Amino acid sequence: MTDESPSGIRPSNDARKAARDKARALRRSQRRKDRRNRVLFRSSLVVVLVAVVAIVAFVIVSSIRPPHAGPANMASDGVLIGQGLKAERSPARAADAKPSPHPLDTTGQVVNIVAYVDYLCQYCGEFDRTNGEQIGKLVSSGAATLEIHPLPFYANRSAQGTQYSLRAANAAACVANYAPDKFFDFNRLMFQHEPSQTSAGLSDSRIAGYAEQAGATSMSRIRSCIHDRTYADWTQSALNRASTGPLPNSNVKKVTADNLPLVLVDGQQFTGSVTDASDFRAFIQQAQAEQYTTPTPTPTATVTPAS
């Protein structure tokens with residue numbers, strides 16, 4: 001048998017040696033590639049396993065961790081502000097606890113104002129900037145109470161995914177918890193500096209600055225509370241409760257993004273202009289008149305039979 005190429009020309013020893021060397025080099029290269037692929041596969045497998053373990057651990061820890069409590073002084077899911085702009089106190093409750101509504105004052109001496117708001121709601125800001133001063137005077141004098149419910153309806157509308165509405169509502173809960181008597185002023189400052197819905201919203205540090213400007217103390221705690229989103233879970237739960245209803249002391253079934261700001265006066269929804277202070281003043285006067293003219297049942301006298 002002759003050792004010839006297909007062309008009939010016998011390859012030289014040098015050519016055969018070169019072919020063998022090339023084959024050996026290819027085998028070495030393939031072995032190195034195989035080893036590298038095995039190392040990469042093992043490394044990828046380790047990364048995946050670590051990620052799976054981390055996810056499982058997070059789920060387990062989350063499931064056994066007790067839910068964050070809600071803020072103090074918001075048992076009704078809102079802050080009730082009365083004479084002297086002082087907030088009513090109440091203990092902290094579980095984030096998913098059923099709220100305890102404040103009963104309406106039906107004596108005719110005090111107007112009950114309840115406002116459901118979002119700090120990124122344009123109409124909410126317009127209402128507060130228009131009526132905040134006159135409401136403050138009524139509440140401070142004791143002629144009215146004001147219950148404010150901050151809700152994050154517009155959490156996903158901020159630019160760059162900053163969830164400003166949620167952060168602002170959480171910050172309001174932080175102020176209610178640590179400096180409740182400064183809540184009215186903080187609420188006003190938040191609306192006076194309300195950002196546009198096309199922006200990323202106010203930074204956490206700037207929000208904390210407005211709490212300090214409102215006169216809040218315990219600022220280190222408030223800053224940490226704002227930064228850590230301490231009441232974010234509670235805020236979302238409060239939103240769920242308000243948006244499913246029913247709302248206490250009112251014939252309005254629930255709060256929606258379309259009826260913000262939802263402002264109630266003695267249980268009746270205000271539907272006038274949010275930019276005309278005289279509209280809201282007239283609505284309050286009408287509510288007061290209705291309170292005074294509502295007949296009070298006359299108690300039945302008890303007659304004791306003569307012996």
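Structure notes:
- Test: residue in the stretch 266-277 that is surrounded by fewer than 20 Cβ atoms within 10 Å (Cβ to Cβ), at pLDDT 95 or above, among the aliphatic types (A, V, I, L, M) and not in a loop (DSSP other than H, G, I, E, B): yes
- Scan of the stretch 164-189 for residues that are touching a Leu at 6+ places or on another chain (Cβ under 8 Å) and open to solvent by less than 10 Å² (accessible area, probe 1.4 Å), ordered by number: Tyr164, Ser165, Ala168, Ala169
- Residue list for the stretch 136-162, restricted to those being touching a residue at least 40 places away in the same chain (Cβ under 8 Å), hydroxyl-bearing (Ser, Thr, Tyr) and farther than 12 Å from Ile113 by Cβ: Ser140, Ser141, Tyr154, Ser158
- For Asp204, the stated conditions do not hold, so it cannot be described as closer than 18 Å to Pro103 by Cα and in contact with a helix residue (DSSP H, G or I) (Cβ under 6 Å, 6 or more places away or on another chain).
- Pairs with Cβ under 7 Å, 6+ apart, first in the stretch 250-265 and over 19 Å from Pro101 (Cα atoms), second open to solvent by less than 10 Å² (accessible area, probe 1.4 Å) and charged (D, E, K, R): Leu260/Asp118
Yes/no matrix, rows are residues, columns are (1) polar (S, T, N, Q); (2) buried (at least 17 other Cβ atoms within 10 Å of the Cβ); (3) touching a Lys or Arg at 6+ places or on another chain (Cβ under 8 Å):
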position: Gln197; (1), (2), (3): yes, no, yes
position: Ala200; (1), (2), (3): no, no, no
position: Gly209; (1), (2), (3): no, no, no
position: Arg221; (1), (2), (3): no, no, no
position: Trp234; (1), (2), (3): no, yes, no
position: Ser237; (1), (2), (3): yes, yes, no
position: Thr244; (1), (2), (3): yes, no, yes
position: Pro248; (1), (2), (3): no, no, no
position: Val252; (1), (2), (3): no, yes, no
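The values are calculated or read from the model by the stated rules, or taken from the named source; none is laboratory data. These numbers come from a predicted model, not from an experiment. Neighbour counts are summed over all protein chains in view; Cβ atoms, including those assigned to glycine, are modelled from backbone coordinates with ideal geometry. Areas reflect the complete protein model, heavy atoms only, side chains present, ligands, DNA and RNA absent. Shrake-Rupley method; radii C 1.70, N 1.55, O 1.52, S 1.80 Å.
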